[in-house]
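Right, one structure below, let's go through it.
The values are calculated or read from the model by the stated rules, or taken from the named source; none is laboratory data. The structure presented is a predicted model; accordingly, all values stated were derived computationally and were not measured. All accessible areas refer to the heavy atoms of the entire protein, side chains included, with ligands and DNA or RNA removed. Shrake-Rupley method; radii C 1.70, N 1.55, O 1.52, S 1.80 Å.
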Amino acid sequence: LLQNAAMASFLPGLTVVGNVQPLPLLTGLLMGYLPWVVGAGLVMSLATLACAIGLLLRLEWARRIFIALLVLSNAGSGMLAATVYIMASDALEVQQRIHGVRDEGLFISSVSFGLKVGIALGSALVAFALGWANYDPLHLTSSTALAMQWVFYGMPVAIMAVQIVALSLYPRSKP
C-alpha cells in the first residue's frame, strides 16, 4: 500500500510539468490501474488482519482463510520481487521528469539496502522472539507454541497497523 501511495503522489507532479512524453511502461500500467491496485491491496490487508486476529483468538475459520490469503499474497509478493528494480528504474524516469535530476546509483542502492535491512530485521526479530520464549526444537512447550503463534500472526498485525498509520500520515499532493 505504501508503494502504491508513493506512486500516486507522482501524478500531480506529472500533470504540472505538462510533459507529453508517455510514462514508462510499468509505471503507466500501475497509474492506469491504480484505484484497483490500491483497493485490492486494502481488501487483502484488511482480510489478512482479520484472519490474523481470528487466529490469535483461536477461531477455527481463520486458519483456512489465512492459508489461502497467505498463498495469494505470496504469489503477489513474488511478482513484486521480480519487478522491484524495473519499477525503480521507472520511478527514476518519473523523478527526472519532475525534478530534472537523475540519481540512479543512490536510488538503486537504497532499494537494495532497504531489502537487505528488512530481511535482516525480520530474521532478527523472529530469532529474538524464539529465544525469549526459550525455544528448543526437541521440547516444544505450550509457551513456546504461543510465542510462535504471536511471531507468525501477531507481528504481521503490528506491522500492518504501523503501515496503516504511516499511510494515513503520508502527505498527499493536491492536483
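List of remarks:
- Rolling a 1.4 angstrom probe over the range 71-141 with all protein chains present gives an accessible area of which 71% lies on carbon and sulfur atoms.
- Taking θ as phi - 60° and the Karplus parameters 6.51, -1.76 and 1.60, the scalar couplings of the range 127-132 work out to 5, 4, 5, 5, x, 4 Hz in sequence order, x denoting glycine and proline.
- At full extension, Ser112 and Arg64 could sit 13.9 nm farther apart than now, given 0.36 nm per residue minus the alpha carbon distance.
- Solvent exposure of the range 106-152 as accessible area per residue, Å², 1.4 Å probe: 75 Å²
- Per residue Cα convex hull volume in Å³ - calculated over the range 32-175: 155 Å³
- Gain on full extension, evaluated as 0.36 nm per residue between Ile164 and Trp150 minus their Cα-Cα distance, stands at 3.1 nm.
- Debye intensity ratio I(q)/I(0), log10, the range 99-175, q values 0.12, 0.25, 0.26, 0.28 Å⁻¹ (C-alpha model): -0.57, -1.14, -1.16, -1.19
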